[in-house]
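Q: Dropping the structure in here first, questions after.
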Amino acid sequence: MKVLKFPMAKISIGFVIGIGIAHYLKPTLGDVIIILSILVILLIVLFFLSKKRQNLRPYFGITAVLLSIVGGMVCLGIQNEGLNKKHYLHCIQDKNYHCYLSLTVLEQIKSTPKNSRYIVAVHQINHRNCIGKALLNIAKDTALKRWHCGSMLLVEGSFYKNKKTSNPNQFDYKAYLENQQIYAQIFTSKQHLLTTATEDRSLPYYTSRLRNSIIANLEQHHFKTKELNIVIALILGQQQEIDPELVKDYQYAGAIHILSVSGLHVACILFFIQFLLQPIPNHRKGSFIKLTIILLSLWLFGLMAGMAPSVLRSVTMFSFMAIGLYLKRTVNFYHTLLVSIFLILLFEPSFLFEIGFQLSYLALFFIVWLQPLLASLWKPNNKIANYFWGLLTVSFAAQLGTFPLSLYYFHQFPGLFFITNLLILPLLTLILGIALFVVVLSAFNWVPYYPMVALEWSIMGLNSIISWVASFERFILKDIPFNIPLMLSSYLLIIAAILFAKEPKYKRLIYALVALLFFQTTLIYNQYNSKRKKEWIVYDCKGKTLISARENGGVIVYSSESFNKNSKEELLIKPYVIANFCKIKSKQRLRNFYYYKNKKIMLINGKSNYLIHQKADIVILSQSPRINLERLLQNWKPQLIIVDGSSYTSYKRRWKATALKEKIPFHDTSEKGFYKL
């Protein structure tokens with residue numbers, strides 16, 4: 001691949017590898033800095049020696065790549081706020097910690113049914129100075145106001161460190177938050193919250209106020225709420241208030257990407273600004289003025305949109321393109337892409353683990369790399385046919401590039417994505433143009449009536465198309481098992497196939513066939529491993545008892561009551577079934593006795609009538625049974641006591657004390673998560 005011939009490609013890839021190593025292996029920062037210092041000295045020595053001795057040049061290149069890897073490790077370590085001695089992690093206890101806090105609101109995020117949520121900066125805990133970001137949860141109240149960025153709050157509440165997932169193969173919300181340097185959550189209510197007269201008037205404060213002013217102006221002019229929320233997402237990057245059912249329709253139609261500000265939106269803004277600046281002459285001074293206005297406009301838009309990873313990536317990349325055009329140089333897209341990756345990760349290395357960041361860059365790379373090959377397959381003479389063929393090839397290239405990663409994260413695939421893109425992309429271009437016009441004027445407290453109505457109707461049409469495509473649910477492939485080995489082997493196969501298609505050679509054909517064989521082997525191994533493995537799991541299900549037994553690729557689910565699609569039990573068991581390439585064989589009522597690997601397991605609940613002579617190796621307590629646990633333990637001497645999420649907390653505390661007294665292991669799923677045999 002010609003891409004790998006660029007020096008920046010090797011440095012950027014090495015930097016990314018270094019960030020990954022630091023993230024997963026977590027080496028000591030001091031040791032990594034020592035290695036970095038040694039490599040810097042070695043690189044300088046090799047630089048001067050390679051001028052005299054040509055045979056040392058390869059070693060200089062290898063050292064430079066190693067330096068970029070170690071540089072990535074150091075970068076992530078330095079920017080890990082959790083290692084700072086002033087971080088609030090060193091001020092709070094492991095469990096519920098009730099305290100008084102001084103906070104600054106950084107960003108409002110999507111609410112839950114019970115809480116309004118904000119990302120906040122923590123300044124003080126019980127009058128002790130500290131630093132760090134946390135997630136503030138405020139119990140919903142009809143009189144609760146919306147806090148804007150920069151608001152300083154005094155809060156009395158409970159501080160919780162992020163907990164690990166309590167059930168197998170669930171979305172790791174703890175890791176998701178910690179990638180954003182958020183290590184704890186605060187829970188409070190309106191009665192325990194007080195705003196101060198002072199505000200943190202930094203740049204995000206002013207951009208947030210501008211964003212809120214635009215939204216308020218549009219609301220005052222009776223812009224329909226459902227359509228207004230789409231405009232706010234398209235232009236201002238705020239998706240918090242979009243109807244969840246509408247979001248689901250966009251997902252099923254394969255158009256969820258248009259609700260996140262990305263390269264498409266930034267490109268439209270760039271072309272719009274260039275159109276407005278056409279009257280300025282293209283002499284040296286005029287070109288410099290144009291470049292300055294373009295860069296300021298792009299970065300102001302990025303700040304208004306919240307500087308999400310996709311926004312930051314797009315603004316950075318198009319800024320480099322604008323600078324390249326100003327310098328009258330041919331803009332090499334791969335260089336621009338790699339430099340933007342390097343610069344973004346240099347300042348925000350945790351962005352590497354953002355799903356949107358990964359999908360955005362993969363989509364862009366495959367559009368540039370694969371789309372010309374697809375476009376060359378057919379060159380229609382008709383301009384309209386050529387336009388729609390271009391849309392189709394761009395969509396297919398982006399979808400193919402993100403397909404394995406999307407399957408790994410979301411386990412579903414919208415089969416009608418190409419129809420969606422053909423229908424909505426032309427309309428989206430029109431909507432973005434009108435929306436930009438309306439939003440810019442709204443910032444100056446003027447909302448023109450007819451453009452606003454045209455924008456409303458356009459978005460209504462867009463939503464109708466999306467809902468229509470999403471209604472064909474049989475074309476939406478759901479619950480597709482896909483793990484990391486399958487994802488990597490898929491990309492290997494896709495890349496090998498594209499390389500062969502670009503330049504059909506015998507050697508490349510062999511590579512493609514080997515990649516295909518590797519993919520098939522991975523698939524067969526996953527199926528074999530699924531049938532070979534046996535597991536017996538007690539889940540942490542609040543208020544209910546849920547147990548699963550897995551054997552021969554099938555799962556038997558035992559529940560305290562029957563459950564249907566989208567029930568609590570279904571949502572808990574589904575990630576486990578998908579991740580392990582299994583199927584639910586049957587759903588059965590709970591039994592009092594189970595046998596697994598020569599172990600007798602007894603379930604005792606509020607309705608059980610257990611016999612004293614029916615001894616068991618493992619005892620499960622559920623539904624808060626009234627038993628004399630001390631006598632039971634003395635008579636049975638079980639190997640383990642398991643308590644699920646269906647029993648009262650007071651009962652659990654008493655049982656735990658009894659088990660400790662009798663020196664018998666005790667597992668509470670609400671504290672330790674699920675239990676697996």
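The values are calculated or read from the model by the stated rules, or taken from the named source; none is laboratory data. Treat the numbers as computed from the prediction; the structure is a model and nothing was measured. In this analysis, Cβ positions are derived from the backbone assuming ideal geometry, glycine residues included, and neighbour counts consider all displayed protein chains. All accessible areas refer to the heavy atoms of the entire protein, side chains included, with ligands and DNA or RNA removed. Shrake-Rupley method; radii C 1.70, N 1.55, O 1.52, S 1.80 Å.
Matching residues to (1) modelled with pLDDT under 90; (2) under 23 Å from Leu621 (Cβ atoms); (3) touching a Phe, Trp or Tyr at 6+ places or on another chain (Cβ under 7 Å):
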{"site": "Ile494", "(1), (2), (3)": "no, no, no"}
{"site": "Glu503", "(1), (2), (3)": "yes, no, no"}
{"site": "Thr521", "(1), (2), (3)": "no, no, no"}
{"site": "Tyr525", "(1), (2), (3)": "no, no, no"}
{"site": "Ser530", "(1), (2), (3)": "yes, no, yes"}
{"site": "Lys544", "(1), (2), (3)": "yes, yes, no"}
{"site": "Glu551", "(1), (2), (3)": "yes, no, no"}
{"site": "Val555", "(1), (2), (3)": "yes, no, no"}
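To keep it simple, each residue is scored yes or no on (1) buried (at least 18 other Cβ atoms within 10 Å of the Cβ); (2) in a helix (DSSP H, G or I); (3) of a type outside the set (Ser, Thr, Tyr).
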site: Thr336; (1), (2), (3): yes, yes, no
site: Leu345; (1), (2), (3): yes, yes, yes
site: Ser350; (1), (2), (3): yes, yes, no
site: Gly356; (1), (2), (3): no, yes, yes
site: Ser360; (1), (2), (3): yes, yes, no
site: Leu364; (1), (2), (3): yes, yes, yes
site: Ile367; (1), (2), (3): yes, yes, yes
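Q: Considering only region 273-288, state which residues are among the hydrophobic types (A, V, I, L, M, F, W, C) and open to solvent by 70 Å² or more (accessible area, probe 1.4 Å). Even if it seems obvious, please write down each step before you answer.
A: The first filter runs over region 273-288 and keeps only residues among the hydrophobic types (A, V, I, L, M, F, W, C), leaving 273, 275-277, 280, 288.
The answer is Phe275, Leu276, Phe288.
Q: Of Ala143, Ala175, which residue is surrounded by fewer than 20 Cβ atoms within 10 Å (Cβ to Cβ), over 30 Å from Glu569 (Cα atoms) and either at pLDDT below 90 or aliphatic (A, V, I, L, M) (or both)? Even if it seems obvious, please write down each step before you answer.
A: Numbers: Ala175 fails: over 30 Å from Glu569 (Cα atoms).
Just one listed residue meets the conditions, Ala143.
Q: Given the criterion at pLDDT below 80, of a type outside the set (Phe, Trp, Tyr) and under 27 Å from His23 (Cβ atoms), identify the matching residue among Val315, Val311, Val331. Steps first, please.
A: On the way: Val315 fails: at pLDDT below 80; Val331 fails: under 27 Å from His23 (Cβ atoms).
Criteria check complete, one pass: Val311.
Q: Just to verify a result, which residue in region 412-444, among those that are of a type in the set (S, T, N, Q) and at pLDDT below 85, is surrounded by the fewest Cβ atoms within 10 Å (Cβ to Cβ)? Steps first, please.
A: Step one: of region 412-444, the residues of a type in the set (S, T, N, Q) are 412, 420-421, 429, 442.
Adding the requirement that they be at pLDDT below 85 leaves 420-421, 429.
Numbers: Thr420: 22, Asn421: 24, Thr429: 13.
Here the residue is Thr429.
Q: Regarding region 164-186, can at least one residue be identified that is more than 19 Å from the chain's Cα centre (by Cα), assigned to a strand (DSSP E or B), touching a residue at least 40 places away in the same chain (Cβ under 8 Å) and closer than 25 Å to Gly673 by Cα?
A: yes
Q: Do the conditions hold for Val447, that is, is it assigned to a loop (DSSP other than H, G, I, E, B) and over 30 Å from Asp172 (Cβ atoms)?
A: Values: assigned to a loop (DSSP other than H, G, I, E, B): yes; over 30 Å from Asp172 (Cβ atoms): yes.
Considered against the rule, which asks whether it is assigned to a loop (DSSP other than H, G, I, E, B) and over 30 Å from Asp172 (Cβ atoms), Val447 comes out as yes.
Q: Checking the structure you have, find out if any residue of region 94-107 is of a type in the set (Val, Ile, Thr) and within 21 Å of Gln238 (Cα to Cα).
A: Within region 94-107, the subset of a type in the set (Val, Ile, Thr) is 104-105.
So of that shortlist, the ones also within 21 Å of Gln238 (Cα to Cα) come out as 104-105.
Yes.
Q: Further question on the same structure: Restricting attention to region 113-136, which residues are crowded, with 18+ Cβ neighbours inside 10 Å and not in a strand (DSSP E or B)?
A: The answer is Cys130, Gly132.
Q: Also, I was wondering about something else. Which count do you get for residues in region 485-529 that are in contact (Cβ under 8 Å) with a residue 60 or more places away in the chain, open to solvent by less than 50 Å² (accessible area, probe 1.4 Å) and not aromatic (Phe, Trp, Tyr)?
A: 6
Q: Identify all residues within region 382-419 that are part of a helix (DSSP H, G or I) and of a type in the set (Gly, Ala, Ser); write none if there are none.
A: First pass over region 382-419, keeping only residues part of a helix (DSSP H, G or I): 383-410, 417-419.
Result: Ala385, Gly390, Ser395, Ala397, Ala398, Gly401, Ser406.
Q: Being in contact (Cβ under 8 Å) with a residue 24 or more places away in the chain and at negative phi is the filter; apply it to region 242-256 and report the residue that is nearest to the chain's Cα centre (by Cα). Full working, then the answer.
A: Here is the first cut: in region 242-256, the residues in contact (Cβ under 8 Å) with a residue 24 or more places away in the chain are 246, 248-255.
Narrowing the set further to residues that are at negative phi leaves 246, 248-253, 255.
Values: Leu246: 20, Lys248: 17, Asp249: 19, Tyr250: 17, Gln251: 15, Tyr252: 18, Ala253: 20, Ala255: 17 Å.
Only one residue fits best here, namely Gln251.
Q: Give the number of residues within region 197-223 that are surrounded by fewer than 18 Cβ atoms within 10 Å (Cβ to Cβ) and of a type in the set (S, T, N, Q).
A: Total meeting the criteria: 5.
Q: Checking Leu391 against (1) touching a Phe, Trp or Tyr at 6+ places or on another chain (Cβ under 6 Å); (2) more than 21 Å from Tyr491 (Cβ to Cβ), only one condition comes out false. Which one?
A: (1)
Q: Here's another thing I want to ask about it. For Ile584, only one of the following conditions fails: (1) assigned to a helix (DSSP H, G or I); (2) open to solvent by 40 Å² or more (accessible area, probe 1.4 Å). What is its number?
A: For Ile584, the failing item is (1).
Per-residue answers, yes or no, for (1) open to solvent by 80 Å² or more (accessible area, probe 1.4 Å); (2) in contact (Cβ under 8 Å) with a residue 40 or more places away in the chain:
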{"site": "Lys10", "(1), (2)": "yes, yes"}
{"site": "His23", "(1), (2)": "no, yes"}
{"site": "Ile38", "(1), (2)": "yes, no"}
{"site": "Arg53", "(1), (2)": "yes, no"}
{"site": "Val74", "(1), (2)": "no, yes"}
{"site": "Lys85", "(1), (2)": "yes, no"}
{"site": "Tyr88", "(1), (2)": "no, yes"}
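Q: What are the residues in region 90-112 that are buried (at least 16 other Cβ atoms within 10 Å of the Cβ) and at pLDDT 85 or above, if any?
A: Scanning region 90-112 gives Leu101, Ser102, Leu103, Thr104, Val105, Leu106.
Quick grid of which residues meet (1) under 21 Å from Lys599 (Cα atoms); (2) assigned to a helix (DSSP H, G or I); (3) in contact with a strand residue (DSSP E or B) (Cβ under 9 Å, 6 or more places away or on another chain):
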| site | (1), (2), (3) |
| --- | --- |
| Cys541 | no, no, yes |
| Val555 | yes, no, yes |
| Ser562 | no, no, yes |
| Leu571 | no, yes, no |
